[in-house]
Amino acid sequence: MDPRTVILYRSKHHGNTKKLVDALVTAHPEIDTIDVATLGKEEYPDLSPYHIIIVGSGIYYTKFDKDVLRVCDHCLRDGDNVIGLMTYGGAAKFNGGDLDGVCRMKMATLMCTYGCPGFDTFGPYKLVGGMNKGRPNQEDIDGAVAFYDKFLADYGEILVEERLKRDKRDAFNAAHPAGGLFTNLKRSAKKIANRVKGEGGKETSAKTEPDTSAVAACESVAAGESVAAGGADEPNAPIKSNASENQ
């Protein structure tokens, strides 16, 4: 079974991120894509069938697109595996931190990120004709495809196996719901009551059963004293005194 991949993206200004998305889909036609710009304000796609979720966006003052993050916040779930895909105008030092934060809050894993410069005329860059003209270039685009290919070769099979385990775990939890706080307290109280009842039964049993070893010991001592006293036929025989004759 091959891993299923979806690209959730937003490419607003010059289509920089979309160039990377298109290249990935050309190399891997089985990849699904979701352009966040085509979604309604309260429309959230189902990402549960996918083993790999690529989140793509231009970077705006070190931040991912806010609508992309909003959709991620609603759609990511525990155990999802995410790859960040970015194009940026400035430095790449702080990019991706907000996406990582959303993944952590949703108990998803940001596995890795790929980023490259993109043509940027946002804000003050417009006054100088923009920066990073011609980017992403072919090398950047080929780099995104090679990056995904290597990730797939290294982790694709592992992610499929882990997903099967998660699906089995989810199915078991669905069939055996834990219940709310009251149900859990009731279950705990029942366990404690059964344990106390079992321990009480053991104590009662111990008290009612005769100690056969103690009885045997008493009988043995009684028999010895009887012999010392003169035997069973002379129960009233006088006991010899150890006192001094002069006393």
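Just so it is clear, none of the values below were taken in a lab; they were calculated from the coordinates. This one's a predicted model, so the numbers in the text were calculated from it and none came from an experiment. Here Cβ is always computed from backbone atoms with ideal geometry, including for glycine, and neighbour counts include all displayed protein chains.
For GLY56, nonlocal amide neighbours, meaning residues 5 or more places apart or on other chains whose placed amide H falls under 5 Å from its own, are LEU8, TYR9, ARG10, LEU85. Using R0 = 35 Å, the C-beta based FRET efficiency linking ASN173 and GLU42 works out to 0.80.
Cα-Cα over 30 Å: which of LYS106/LYS126; LYS106/LYS168; LYS19/LYS126? All intermediate terms of the calculation are to be shown ahead of the outcome.
Working: LYS106/LYS126 37 Å; LYS106/LYS168 20 Å; LYS19/LYS126 21 Å.
Checking Cα-Cα distances, LYS106/LYS126 exceed 30 Å.
Between the amide H of THR113 and those of GLY84, distances stay under 5 Å, these residues lying 5 or more places away or on another chain, with hydrogens modeled in the peptide plane. Full extension of the chain between ARG166 and LYS150 yields a length gain of 3.4 nm, computed as 0.36 nm times the residue separation minus the alpha carbon distance.
Taking other C-beta atoms within 10 angstrom as a stand-in for reagent exposure, MET105, MET131 fall in the order MET105, MET131, fewest first.
Of all DSSP beta bridges located in the range 5-175, what percent are antiparallel, nearest 5?
Roughly 10 percent of the DSSP beta bridges within the range 5-175 come out antiparallel.
Arrange the following residues from fewest to most other Cβ atoms within 10 Å of their Cβ: ASP140, ASP167. Kindly include the intermediate steps, with their values, before the conclusion.
Details: ASP140 21, ASP167 12.
Placing the least packed residue first, the sequence is ASP167, ASP140.
Each peptide in 20-28, 2-10 receives the mean, over its residues, of other Cβ atoms within 10 Å, and ordering these scores from highest gives 2-10, 20-28.
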